[in-house]
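The values are calculated or read from the model by the stated rules, or taken from the named source; none is laboratory data. Computed from a predicted structure; not experimentally measured. Glycine also receives a Cβ, built like all others from the backbone with ideal geometry; neighbour counts cover every protein chain displayed. Each accessible area value is taken on the protein alone, full model and side chains, heavy atoms only, with ligands, DNA and RNA left out. Shrake-Rupley method; radii C 1.70, N 1.55, O 1.52, S 1.80 Å.
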Amino acid sequence: ATIEETLVLVKPDGVQRGLTGEVLRRIETKGYSLVDIRLVHADRAILSAHYAEHEGKPFYEGLLEFMQSGPTVAIRVAGHRVIEGFRSLAGTTDPTTAAPGTIRGDLGRDWDAGVLLNIVHGSDSVESAQRELGIWFAA
Ligand code: DAT
Ligand code: MG
């Protein structure tokens with residue numbers, strides 16, 4: 001079977017802008033299932049685990065600081081090929097050039113914040129999804 005689970009985050013910019021419902025609406029109208037959801041004010045330990053692959057990059061410290069600036073909504077989402085499918089709904093990383101019709105393309109823009117504020121995160125592989133779900137939905 002190709003039913004997968006992925007981690008979606010509505011990042012602090014999305015929560016602060018009141019876009020949580022809009023992101024949930026897009027996930028639900030696409031036909032994916034919400035399995036679990038929680039509001040997390042992430043600390044550095046969670047974020048350094050989540051973003052381990054980016055450690056040392058120029059935007060890393062700004063990214064961790066921004067992600068601690070307010071609550072994040074973490075969502076466990078299930079569906080057929082949902083990992084790839086949610087990445088497609090989200091659009092590409094830079095919200096200025098993300099395609100219209102996508103979450104980032106429709107709702108995001110560049111804010112000159114030292115880090116790209118792009119509203120959502122979606123896991124990029126089965127391995128990433130399992131690893132990230134363990135971080136955000138740890139007991
Ligand atoms: P994605 O979130 O599309 O998977 P990523 O994993 O490469 O992108 O990067 C994680 C986050 O870091 C991304 O959502 C926003 C920020 N970021 C990535 N590349 C950046 C860059 N060149 N400048 C500023 N922020 C960046
Ligand atoms: Mg990524």
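Answer yes or no as to whether P95 is over 14 Å from the mean Cα position of the chain (by Cα) and more than 20 Å from E132 (Cβ to Cβ).
no
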(request) Look at A52 and say whether it is under 18 Å from G134 (Cα atoms), free of Cβ contacts under 8 Å to residues at least 24 places away in the same chain and away from ligand 2 (no atom under 16 Å from the Cβ). (result) no
(request) Scan the range 1-40 for residues that are over 14 Å from the mean Cα position of the chain (by Cα) and not in a helix (DSSP H, G or I) and report the count. (result) 12
(message) Can you find, within the range 124-139, the residue that is nearest to Q16 (Cα to Cα) among those that are assigned to a loop (DSSP other than H, G, I, E, B) and either within 16 Å of ligand 2 (Cβ to nearest atom) or of a type in the set (F, W, Y) (or both)?
(response) F137
(request) Give the residues of the range 7-40 that are open to solvent by 30 Å² or more (accessible area, probe 1.4 Å) and either under 20 Å from A113 (Cα atoms) or among the small types (G, A, S) (or both), sorted by residue number. (result) V15, Q16, R17, G18, G21, G31, S33
(request) Select from the range 109-136 the residues that are within 12 Å of ligand 1 (Cβ to nearest atom) and either open to solvent by 30 Å² or more (accessible area, probe 1.4 Å) or hydroxyl-bearing (S, T, Y) (or both) and list them in ascending order. (result) D110, W111, D112, A113, G114, L116, S123, D124, S125, S128
(message) Can you confirm whether E53 is out of contact with any strand residue (DSSP E or B) (no Cβ under 6 Å at 6 or more places or on another chain) and either under 25 Å from T2 (Cα atoms) or assigned to a helix (DSSP H, G or I) (or both)?
(response) yes
(request) Could you check how many residues of the range 43-67 are open to solvent by less than 70 Å² (accessible area, probe 1.4 Å) and in contact with a Leu (Cβ under 9 Å, 6 or more places away or on another chain)? (result) 9
(request) Output the number of residues of the range 89-101 satisfying the condition of being more than 11 Å from ligand 1 (Cβ to nearest atom) and within 14 Å of H121 (Cβ to Cβ). (result) 1
